[in-house]
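A.B. asks: So that we are looking at the same thing, I have put the structure below in structure tokens.
The values are calculated or read from the model by the stated rules, or taken from the named source; none is laboratory data. In this text, all values refer to a predicted model and were calculated from it rather than measured experimentally. FYI the Cβ positions are ideal-geometry reconstructions off the backbone, even for glycines, and counts take in every protein chain you see.
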Number of protein chains: 2
Amino acid sequence: MSYCLAIQTKLGLVFASDSRTNAGLDQANVATKLTTFVKPGERVYVLLTSGGLSLSQSVLAVLHGEYGAGKGLAGAATMYEAARIVGDAVRTVSSRDREHLEKDGIAFNVNFIIGGQIGTQPHELYMIYPQGNPLRATPESPFLQIGESKYGRPILDRAVRYDTTSLEQATKLALISLDSTMRSNLTVGPPVDLVVYHANELKVRQQMRLGADDPQLMMIRTQWEQELRAASQRLPEVKFPEA
Amino acid sequence: MSYCLAIQTKLGLVFASDSRTNAGLDQANVATKLTTFVKPGERVYVLLTSGGLSLSQSVLAVLHGEYGAGKGLAGAATMYEAARIVGDAVRTVSSRDREHLEKDGIAFNVNFIIGGQIGTQPHELYMIYPQGNPLRATPESPFLQIGESKYGRPILDRAVRYDTTSLEQATKLALISLDSTMRSNLTVGPPVDLVVYHANELKVRQQMRLGADDPQLMMIRTQWEQELRAASQRLPEVKFPEA
């Protein structure tokens, strides 16, 4: 399993992903699930992926092939078109592999998130389903998740606001969401890849990988647990009616 | 979907459940998922259930029938035996219904939690799988969940401790866990049923139902959201390496 999420606010985009892959419980490996395509000053895309690693690698191979030839994502006129190009690549791989997977009862399962900005157009964020169709994040639903998304959702539901959440705050919330998932589910694990895209910069200036023993990640884990415990202590006691 | 959870600490047991049932999205109804069997001074059982309502009703009909005749749960010598009696009732219903469900591709899916105390024996807590086999909560794993369990798990993982968590605190944590789930998943909804069993009392003195507009439930929801937002603000800002 994987867990990736992206948050869109008025001021930009935050992307975060775990890096654990597994085929069964025995074969746990590290694989980057975050990919960037950047032409500084012209366009920035950040992609996140979950699902079968073989499939997502094939989709990225298609996208990189087109991009290298100045086509595909390199020439998309809008973020919507970029999302469609990712969906087309998913369908290309589907037409090559799906039938062979299904012969052995394996589902064709690969999900993408793509966010970024082209020129002077607004920054946008999309999810691409395994069928290739796109879904756009909106001010009312300003985050998208793929993979093992439930453990890390409550904090996002409660704290992410398109209009008022700063990118610094959204970054913290993304790490809390990922850490909550890693704490409760063994198949989601570090290192964590993180990109913060500031609207209208048309370059990626904040990107890093946080290992399992990264001091910032450990501090967030420890302090968040202390905060949660203290916050639950502060809630008033539940009163029962007299028996 | 449903969400039920029970917490075992040194001092007793806390049980909480939602009450929403649905067959598809259209038929949303309220159904109690918490049932008590009490002989004051002798034995207390609290049962929680998730899965097919038709199935859980049938299992409870078996258990009530036996109990009314002074058999089954009425005479169990230990909590382990009580858990086995619930499992036997699940198997009785399975042998009657499973085959007919599977003809239409419907899984035989019903889960139970049973906790309580018999005489001077320790209070215990078990989950019963759809196959009828029991799993006991332990000091290292002091809570059990059935149904839509992921949204509400992080707070339990981080704050429930068998030795040190008070029953008052465990009650708050159970409501936070349920509220987090109701906030993020429409198929889990109020009213919330709540029982706190204090070890060695051999009666149920704290039980109540909290409706959607119950002031205590609304207060927990509001204050918890405020606490989470404030706590995330207090975490130090994430620092990126200089580009």
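A.B. asks: Name every residue in the range B:183-215 that is crowded, with 19+ Cβ neighbours inside 10 Å and without any contact (Cβ under 8 Å) to a residue 40 or more places away in the chain, in order of residue number.
C.D. replies: B:Ser184, B:Gln206, B:Leu210
A.B. asks: With the range B:120-216 as the region, which strands (runs of 3 or more DSSP E) entirely inside it contain at least 1 residues that are acidic (Asp, Glu)?
C.D. replies: B:124-128, B:192-198
A.B. asks: Which one of A:Ala82, A:Ala137, A:Ala107 is of a type in the set (A, V, I, L, M, F, W, C) and at pLDDT below 95?
C.D. replies: A:Ala107
A.B. asks: Given the conditions (1) surrounded by 18 or more Cβ atoms within 10 Å (Cβ to Cβ); (2) without any contact (Cβ under 8 Å) to a residue 40 or more places away in the chain; (3) of a type outside the set (A, V, I, L, M, F, W, C), which single one is not true for A:Asp179?
C.D. replies: All conditions are met except number (2).
A.B. asks: Which of the residues belonging to the range A:171-182 are within 10 Å of chain B (Cβ to nearest Cβ) and closer than 19 Å to B:Pro236 by Cβ?
C.D. replies: A:Thr171, A:Lys172, A:Leu173, A:Ala174, A:Leu175, A:Ile176, A:Ser177, A:Asp179, A:Ser180 - these are the residues of the range A:171-182 that are within 10 Å of chain B (Cβ to nearest Cβ) and closer than 19 Å to B:Pro236 by Cβ.
A.B. asks: Okay, moving on. Determine the pairs where a residue that is surrounded by 15 or more Cβ atoms within 10 Å (Cβ to Cβ), located within the range B:51-70, has a partner that is in a loop (DSSP other than H, G, I, E, B) with Cβ atoms under 6 Å apart, the partner being 6 or more residues away or on another chain.
C.D. replies: Cβ pairs passing all conditions: B:Gly51/B:Asn109; B:Gly52/B:Asn109; B:Leu53/B:Ala31.
A.B. asks: Here's something else I'd like to know. Looking at A:Tyr129 and the list (1) surrounded by 24 or more Cβ atoms within 10 Å (Cβ to Cβ); (2) away from chain B (no Cβ under 14 Å); (3) hydroxyl-bearing (Ser, Thr, Tyr), which single condition is not satisfied?
C.D. replies: Evaluating A:Tyr129 over (1) surrounded by 24 or more Cβ atoms within 10 Å (Cβ to Cβ); (2) away from chain B (no Cβ under 14 Å); (3) hydroxyl-bearing (Ser, Thr, Tyr) leaves (1) as the failure.
A.B. asks: I've got another one for you. Kindly evaluate A:Gln145 against the criterion of being at pLDDT 95 or above, more than 10 Å from chain B (Cβ to nearest Cβ) and touching a His at 6+ places or on another chain (Cβ under 6 Å).
C.D. replies: It is false that A:Gln145 is at pLDDT 95 or above, more than 10 Å from chain B (Cβ to nearest Cβ) and touching a His at 6+ places or on another chain (Cβ under 6 Å).
A.B. asks: Moving on to the next point. A:Val30: under 18 Å from the mean Cα position of the chain (by Cα), surrounded by fewer than 18 Cβ atoms within 10 Å (Cβ to Cβ) and at pLDDT below 95, yes or no?
C.D. replies: Yes, satisfied.
A.B. asks: Which residues, counting only those in the range A:194-243, are at the interface with chain B (Cβ under 7 Å from one of its Cβ atoms), in contact with a Phe, Trp or Tyr (Cβ under 9 Å, 6 or more places away or on another chain) and not aliphatic (A, V, I, L, M)?
C.D. replies: A:Arg205, A:Gln206, A:Ser232
A.B. asks: Go through the range A:91-110 and report how many residues are under 19 Å from the mean Cα position of the chain (by Cα) and buried (at least 22 other Cβ atoms within 10 Å of the Cβ).
C.D. replies: 1
A.B. asks: Continuing with this model, one more query. Kindly indicate whether B:Tyr67 is closer than 19 Å to B:Gly132 by Cβ and among the aromatic types (Phe, Trp, Tyr).
C.D. replies: Yes; evaluated as a whole, the condition is true for this residue.
A.B. asks: Of B:Glu140, B:Glu168, which residue is surrounded by fewer than 21 Cβ atoms within 10 Å (Cβ to Cβ) and facing chain A (nearest Cβ under 10 Å)? Reasoning before the result, please.
C.D. replies: Values: B:Glu140 fails: facing chain A (nearest Cβ under 10 Å).
Matching residue, one of B:Glu140, B:Glu168: B:Glu168.
A.B. asks: Determine, yes or no, whether A:Asp193 is within 18 Å of the chain's Cα centre (by Cα) and acidic (Asp, Glu).
C.D. replies: yes
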